[in-house]
1. Looking at the range 135-154, which of the residues that are without any contact (Cβ under 8 Å) to a residue 24 or more places away in the chain and small (G, A, S) is nearest to R189 (Cα to Cα)?
2. Here are the criteria: (1) modelled with pLDDT of 95 or more; (2) surrounded by fewer than 16 Cβ atoms within 10 Å (Cβ to Cβ); (3) under 27 Å from Y196 (Cβ atoms). Tell me which single one I42 does not satisfy.
3. What's the number of the condition H118 fails, among (1) over 19 Å from G226 (Cβ atoms); (2) without any contact (Cβ under 8 Å) to a residue 24 or more places away in the chain; (3) not aromatic (F, W, Y)?
4. Suppose we filter T205, T249 for residues that are in a strand (DSSP E or B) and of a type outside the set (G, A, S); which single one remains?
5. When you scan the range 240-252, do you find a residue that is under 23 Å from L90 (Cβ atoms) and modelled with pLDDT of 90 or more, even just one?
6. Could you list all residues from the range 93-146 that are under 19 Å from the mean Cα position of the chain (by Cα) and of a type in the set (V, I, T)?
7. So, T84, is that one outside any loop (DSSP other than H, G, I, E, B) and farther than 24 Å from P204 by Cα or not?
8. Which ranges mark the helices (runs of 4 or more DSSP H) fully within the range 90-202 that have 3 or more residues being at pLDDT 95 or above and of a type in the set (F, W, Y)?
Amino acid sequence: MIRLEFSIELNYEIDQPGCDFIFSIHAAQTRHQAVVGESLAISQNLAPNLYTDPVTHSRYLRLKAFAGPLLVRYEATVDLDHHTAPSGQLAEVPVADLPGSVLPYVYPSRYCQSDRLHKLAVKEFGHLWHGYSRVQAIRDWVMNRVTFRSNSSTGNTSAVDTLVEEVGVCRDFAHLMIALCRAVNIPARFATGIDYGADPALGPTDFHAYVEVYLGERWYIFDPSGVAIPMGFVRIGTGRDAADSAFATIFGGVRSAAPLMHIEAIPNAQGALLVPQHVSYALSTDGL
């Protein structure tokens, strides 16, 4: 079992009173991702309103803040006890057999226009075996076609834009992979989190976007950007795309600074220090 300890600090300057925030910064709690300790500090005297989505396990913090500075700091210790499976044994689930909660993830969405990529996806991946290896082929295709470059996209960049520009950040890689999966009827969803093991050359620790794909009746982790270690992902939120999974949604006049984040591996409850590493088998923190 891997134990990770992390912190997220967000700083804002609020220009008008009564500004509303919806944060998604709390670690999700599932059967395979356990929050063993956490704390929340808010610089203003505010009553936090917490809500947990019963299906995705995403946790939302709502605040109505006063004018002036606002600091929100969240710290957590999380145990990752991944469900693992031999990748060669994971098949796709026919659409007719998908659970109702999975159906939204086969449709096009704002940033993942799978309907526009259907012909491309069928040409490139339609002939492949319908299972984990086809999803891995889509992941590899995206990683090999798109170049990771910081600040190369905007909040409006879609999967089609990334396909054309062939450059992006982690959310753009995720959107393109999701759109291609859905284009061949594979349910895929957008996941946000914080990751242990990202390439230091990319800069300070930041939020990370990756992909979860529904195979063999469970959501499995894929990282099309290739810049981090999937075993070290702490899931925060999931959704159809980035529109559902922003770490902060703000209603009002606000100036913000870059998030300050830190993550490290620490000894687990048995006193063993286990560090995330790349593996060949399939990983899931889904809560089945």
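1. In this case the residue turns out to be A137.
2. The number of the failed condition is (2).
3. Of the numbered conditions (1) over 19 Å from G226 (Cβ atoms); (2) without any contact (Cβ under 8 Å) to a residue 24 or more places away in the chain; (3) not aromatic (F, W, Y), the odd one out for H118 is (2).
4. T249
5. Yes - at least one qualifying residue is present in the range 240-252.
6. If the condition is that a residue be under 19 Å from the mean Cα position of the chain (by Cα) and of a type in the set (V, I, T), then V102, V106, V135, I138, V142, V146 are the ones that fit.
7. So T84 fits the description; yes.
8. none
The values are calculated or read from the model by the stated rules, or taken from the named source; none is laboratory data. Since we're looking at a predicted model, the values are computed, not measured. So basically every Cβ, Gly included, is an ideal-geometry build from the backbone, and we count neighbours across all protein chains shown.
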